[in-house]
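The values are calculated or read from the model by the stated rules, or taken from the named source; none is laboratory data. All values reported here derive from a predicted model rather than from experimental measurement. Because the Cβ atoms are built from the backbone with ideal geometry, glycine has one as well, and the counts that use them run over all protein chains shown. Areas reflect the complete protein model, heavy atoms only, side chains present, ligands, DNA and RNA absent. Shrake-Rupley method; radii C 1.70, N 1.55, O 1.52, S 1.80 Å.
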Amino acid sequence: MYIIDFNKLRFLVCDDNAHMRRILRTLLHSFGAREVYEAEDGATALEMYSHYVPDIVITDWAMPIFDGLELAQMIRQPEGLGNPYAPIIMLTGHSEKRRVMVARDAGVTEFLAKPISAKGLYQRILNVVANPRPFIKTKNYFGPDRRRNNGSSYIGVERRVGGKAEIMQQPSLLEKTRSGS
Amino acid sequence: MARKQKAPDVTIDTFADHQVISQPNPLRKMVRYAEDHEIDDPVARAEQALAELSGEFTDWMQAECERLSTAYATIKRDGLNGENSMELFRAAHDIKGGGATFGYPTAAAAAESLCRIIEHAPDLSKVEELIMHHVNAIQAIVREQSRIDSVGMADQLSKRLRGVADEYLIHANRDRPEHLEAVLAPSIVPEG
């Protein structure tokens, strides 16, 4: 079977809570990761993001001054100097549907609601490593494809026109968060 | 160790109002085939590591509780304002997020109720007593955690507080549809 070589992956963890950072570090090292960089606020995380060029970012949402949502928006700058494509996993105590949508619209790749579990975190990482989605750029969005169904019957807001993009069939971010898988 | 930034090798398909940007999976090389005998379940390994860390959870939870108490004491001293209510929210939010992991699910539930009050009450000065009951309840639940007969009581206390808070928030937000929708929406956190 196929497995992830965690020892080749570089992680950036951003959480203002030292206890949560310790838990994340413990989990990632147990998975086999060697390179785990930590920041306690969004501004430091952004600096570390440019310096260390991590493969995967795991960030909390609620942090003072510069939060995880702003960090995601800063990373997803197509004209910026850094890599705008790195997977971002948002790990947060926020547990409302509205928050998942806001995170998705900021360019977050995966959403994981606390309380954290080893299984939930592993599955999010497995998904971003093995099944990356194409990126979409519109006049007001740049980030991973927000649509995980390629049905042509969608008639809601921000409907794309001008051709059909190839997109992957995956459960929506909200469905995945609800099921915990 | 700093790493040199490589320009991503992307393909751009342009449509009328959007672009689809694809790149060869840069993390593909991190996935490899392994024989069954090589595989050591990483999730089980991580759960074991977390169990080994759990000896520290009581101290961590007490530290989180002290942070909540300090934030509340500041409010009592200075009166409610945007800054100190935000600090109380952050302290409660961290207990909500970490409490269950640290072995205090009922404290996490009471902290969630407190977060909802701070986020959705139209005027916090009108719910100071409700805030105080939540802070006291979280402290009591954490303090009495080790007493076997307190577990059911903690659960009842937490549910009762949530009931009172929800009743108030539904009534107070009856003319604020965005808040009302958020108050009534089910949690996305999987059960159990």
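The table that follows gives values for the structure above.
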{"item": "Ratio of the Cα radius of gyration of the stretch A:29-96 to 2.2 N^0.38 Å, where N counts its residues", "result": "1.10"}
{"item": "Accessible-area value, B:THR70, 1.4 Å probe, nucleic acids and ligands omitted, Å²", "result": "90 Å²"}
{"item": "Protein accessible area in the protein assembly as shown, 1.4 Å probe - carbon and sulfur %", "result": "52 percent"}
{"item": "Whole-percent pair-distance distribution, where bins are 10 Å wide, for the alpha carbons of the stretch B:69-145", "result": "20, 56, 22, 2"}
{"item": "Cα centroid separation - the stretch A:63-95 against the stretch B:1-31, whole Å", "result": "17 Å"}
{"item": "Around B:LEU80: net Lys/Arg minus Asp/Glu count, Cβ-Cβ under 12 Å", "result": "-2"}
{"item": "DSSP bridge orientation in the protein assembly as shown - percent antiparallel, rounded to nearest 5", "result": "45 percent"}
{"item": "Chain-alone versus full-assembly comparison, the stretch B:101-128, residues with accessible loss of at least 40 Å² (1.4 Å probe)", "result": "B:THR101, B:GLU119"}
{"item": "In order through the stretch A:79-94: 3J(HN,Hα) via Karplus (6.51 cos²θ - 1.76 cosθ + 1.60), integer Hz, x for Gly, Pro", "result": "9, x, 7, x, 7, x, 9, 4, x, 10, 9, 9, 10, 8, x, 5"}
{"item": "Heavy-atom surface of chain B, accessible at 1.4 Å and reported per residue (Å²)", "result": "57 Å²"}
{"item": "Chain B: relative contact order in percent, alpha carbon pairs under 8 Å with at least 6 residues between", "result": "15 percent"}
{"item": "Equivalent ellipsoid dimensions for the stretch A:1-58 as semi-axes, Å, which come from the Cα gyration tensor, largest first", "result": "20, 14, 7"}
{"item": "Mean projection area, nm², convex hull over Cα of chain B", "result": "19.0 nm²"}
{"item": "In Å², nearest 10: area of B:SER158 left accessible to a 1.4 Å probe", "result": "10 Å²"}
{"item": "Along principal axes, Cα extents of the protein assembly as shown, largest first, whole Å", "result": "59, 52, 35"}
{"item": "Average projected area [Cα convex hull, the stretch B:12-101], square nanometres", "result": "12.4 nm²"}
{"item": "Mean Kyte hydropathy of -0.5 or more with a Cα span along the axis of at least 27 Å, helices from DSSP in chain B", "result": "B:150-172"}
{"item": "Antiparallel %, DSSP beta bridges [both residues in the stretch A:1-155], to 5", "result": "15 percent"}
{"item": "Area accessible to solvent at B:GLU47, 1.4 Å probe radius, in Å²", "result": "100 Å²"}
{"item": "Amide H partners (placed H, <5 Å) of A:ARG10, local residues excluded", "result": "A:ASP55, A:ILE56"}
{"item": "Counted charge near A:ALA86, where neighbours are those whose Cβ lies closer than 11 Å (Asp, Glu -1; Lys, Arg +1)", "result": "+1"}
{"item": "Summed buried accessible area for B+A [probe radius 1.4 Å, Å², rounded to 100]", "result": "5600 Å²"}
{"item": "Of A:LYS119/B:LYS4; A:LYS97/B:LYS159; A:LYS119/B:LYS159; A:LYS8/A:LYS97; A:LYS97/B:LYS126; B:LYS4/B:LYS29, pairs whose Cα-Cα distance is over 26 Å", "result": "A:LYS119/B:LYS4; A:LYS119/B:LYS159; A:LYS8/A:LYS97; A:LYS97/B:LYS126"}
